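Novice: Okay, here's the structure, questions in a sec.
Computed from the coordinates by the stated procedures, all read-outs in this text should not be read as laboratory data. What you are looking at is a predicted structure, and each value in this text was computed from that prediction instead of being measured. Positions of Cβ are backbone-derived with ideal geometry, glycine not excepted, and every protein chain shown enters the neighbour counts.
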Amino acid sequence: MKKKYFIAVFLIAIICILSIGYAVFKSELTITSSANITSNWDIEITSINVKSISGHATKAIEPVISGTTATFKTNLESPGDSMTYEVTVTNNGNVDAKVDKIETTDSLNPAITFTTNGINQNDLLEAGQSASFEVTTAYSDGINTQPDDIAATFSLKLTYIQNT
């Protein structure tokens, strides 16, 4: 009987020790975290200057800039007249970007052409850097008679995406 009593006390003691050990080592682990995005996306056309003039071309109005869109209106008198603008785009942000799209309005006037040079899709514009390219409005050399429509206004829109 003493032996049964001793085994019962021993088992109760083991159960108590295991229960206390489980309670001591069982704890709830809570991990909390937070994050803030500190990137700054700020790409814009910062200047447009006349680079060259051919013939009797003149600015009808100063180019109008709105973010990454610019509108040009040039007076052209005769075939061969053209005006080339230098456009500067600046990445004032802290995220590298690349050109996703270069959109220009189509000329409905076959006598007037509008071209870009020095900028291409996927060109990289690093944070804090600027890039320049050319935009040319021209009176087409292939025109032999004065067109009925002598005006055209062109817009250029640049779309940038984050460089990955």
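Novice: Once amide H atoms are placed 1.01 Å from N in the peptide plane, what residues at a sequence separation of 5 or more from T68, or on another chain, have their amide H within under 5 Å of its amide H?
Specialist: Here the answer is I45, since their amide H atoms fall under 5 Å of that of T68.
Novice: Still on this model: Helix 2-25: angle to the longest alpha-carbon principal axis of the chain, degrees 0 to 90, nearest 10?
Specialist: Taking the Cα atoms of the chain, the angle to 2-25 is about 20 degrees.
Novice: Sticking with this structure for a sec: In the range 61-164, how does Rg compare with the Kirkwood Rh, expressed as the Rg/Rh ratio over alpha carbon atoms?
Specialist: Numbers: Rg = 15.6 Å, Rh = 14.9 Å.
So for the range 61-164, dividing Rg by the Kirkwood Rh gives 1.05.
Novice: I would also like to ask the following. Any idea which of G118, Q129, T32 is furthest toward the positive side of the dipole for the chain, if Lys and Arg beta-carbons carry +1 and Asp and Glu beta-carbons -1?
Specialist: Among G118, Q129, T32, the one farthest towards the positive end of the dipole of the chain is T32.
Novice: Related question: Mind ranking 49-62, 67-80, 30-43 by how tightly packed they are, going by the mean number of other C-beta atoms within 10 angstrom, highest first? Provide the component values of the computation, followed by the final result.
Specialist: Working: 49-62: 13.6, 67-80: 17.1, 30-43: 7.6.
Descending packing order for the listed peptides: 67-80, 49-62, 30-43.
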